[in-house]
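These notes concern the structure reproduced below.
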Amino acid sequence: MSNSKNKFEGKHSIVIISTSYAEKKIKKEFYSNFLKEEMALRKLQNYHFIPKLLGSDHNFLTIKMEKIEGVNLLTIIKLYRKRKISEDLILSIFKIIFKICFVMDLEKIYKDEWNRPFKHVIFAKESIKIIDFDRSVFNTSKKNTLQFLSFVFGFWKMFNTRQFFTYLYEFSIFYEKQIEKYQSFFIDSPY
Ligand SMILES: Nc1ncnc2c1ncn2[C@@H]1O[C@H](COP(=O)(O)OP(=O)(O)O)[C@@H](O)[C@H]1O
Ligand SMILES: [Mg+2]
């Protein structure tokens, strides 16, 4: 819910956007959400797809981060529904989001909420950015990619087919193996 365009009040937090940064203040009853958001941002700092972490305060439960300006996925989807952008373009966008999900799976950070990615995927000037990590789960076998894949199937209304479930099941087994291979590569690699 938005009070004005510089202040967003969500279930867990209030986000204030100032001229040069964004500050997310988590409500005091959601301390674990504060820890999750901070840890996810910290662990992913080397990647370009998240806001830079500028500071955090464990007493006030505030997280200061890079301000992300751009158009969100909801706007892009609405343009697609109005046929203002092509199916090819939306597919390319989904492919980039899949890559981000893949990286997060390798890092074993499950963001959750890929079933409703509308406001958390932002098309900023230089790249696609992802925000809102306060529900993250760490060191889990849950996969961002699979959750996003379900969203994509739902998007094209391909949900209720038997084929979909068979495909999703087979893909999840295949994907699990891929992730394991990549992870062992990182561990074994001398570089
Ligand atoms: N780094 C940021 N830069 C710009 N806007 C942001 C940033 N982080 C959050 N916002 C805005 O605040 C809204 C709520 O943030 P979010 O992290 O989703 O809070 P909550 O987890 O409480 O729902 C977002 O939808 C977005 O509009
Ligand atoms: Mg949230």
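The values are calculated or read from the model by the stated rules, or taken from the named source; none is laboratory data. Worth saying up front: this structure is predicted, and the values here are computed from it rather than measured. Every residue, glycine among them, receives a Cβ derived from its backbone with ideal geometry; neighbour counts consider all protein chains shown.
Quick one: which of LYS129, LYS157, LYS142 is among the charged types (D, E, K, R), touching a residue at least 60 places away in the same chain (Cβ under 8 Å) and outside any helix (DSSP H, G or I)? Quick ask: steps written out before the conclusion?
On the way: LYS157 fails: touching a residue at least 60 places away in the same chain (Cβ under 8 Å); LYS142 fails: touching a residue at least 60 places away in the same chain (Cβ under 8 Å).
So the residue among LYS129, LYS157, LYS142 that is among the charged types (D, E, K, R), touching a residue at least 60 places away in the same chain (Cβ under 8 Å) and outside any helix (DSSP H, G or I) is LYS129.
I want to confirm something. Restricting to segment 2-11 and keeping residues that are closer than 17 Å to PRO51 by Cβ and near ligand 1 (Cβ under 8 Å from one of its atoms), which single residue is surrounded by the fewest Cβ atoms within 10 Å (Cβ to Cβ)?
For segment 2-11, the residue satisfying everything is GLY10.
Does LYS99 count as assigned to a helix (DSSP H, G or I), free of Cβ contacts under 8 Å to residues at least 24 places away in the same chain and surrounded by 12 or more Cβ atoms within 10 Å (Cβ to Cβ)?
On the way: assigned to a helix (DSSP H, G or I): yes; free of Cβ contacts under 8 Å to residues at least 24 places away in the same chain: yes; surrounded by 12 or more Cβ atoms within 10 Å (Cβ to Cβ): yes.
Here the answer is yes, as LYS99 does meet what is asked.
Does LYS64 qualify as being near ligand 1 (Cβ under 9 Å from one of its atoms), assigned to a strand (DSSP E or B) and either at pLDDT 95 or above or out of contact with any strand residue (DSSP E or B) (no Cβ under 8 Å at 6 or more places or on another chain) (or both)?
On the way: near ligand 1 (Cβ under 9 Å from one of its atoms): no; assigned to a strand (DSSP E or B): yes; either at pLDDT 95 or above or out of contact with any strand residue (DSSP E or B) (no Cβ under 8 Å at 6 or more places or on another chain) (or both): yes.
No; evaluated as a whole, the condition is false for this residue.
Name every residue in segment 20-48 that is within 12 Å of ligand 1 (Cβ to nearest atom), modelled with pLDDT of 95 or more, closer than 22 Å to ALA124 by Cα and not charged (D, E, K, R), in order of residue number.
TYR21, ALA22, ALA40, LEU41
Here is a yes/no grid of residues against (1) within 13 Å of ligand 2 (Cβ to nearest atom); (2) farther than 27 Å from LYS67 by Cβ; (3) touching a Leu at 6+ places or on another chain (Cβ under 9 Å):
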{"residue": "MET104", "(1), (2), (3)": "no, no, yes"}
{"residue": "ILE109", "(1), (2), (3)": "no, no, yes"}
{"residue": "TRP114", "(1), (2), (3)": "yes, no, yes"}
{"residue": "ALA124", "(1), (2), (3)": "no, no, no"}
{"residue": "ASN144", "(1), (2), (3)": "no, no, no"}
{"residue": "PHE151", "(1), (2), (3)": "no, no, no"}
{"residue": "PHE155", "(1), (2), (3)": "no, yes, no"}
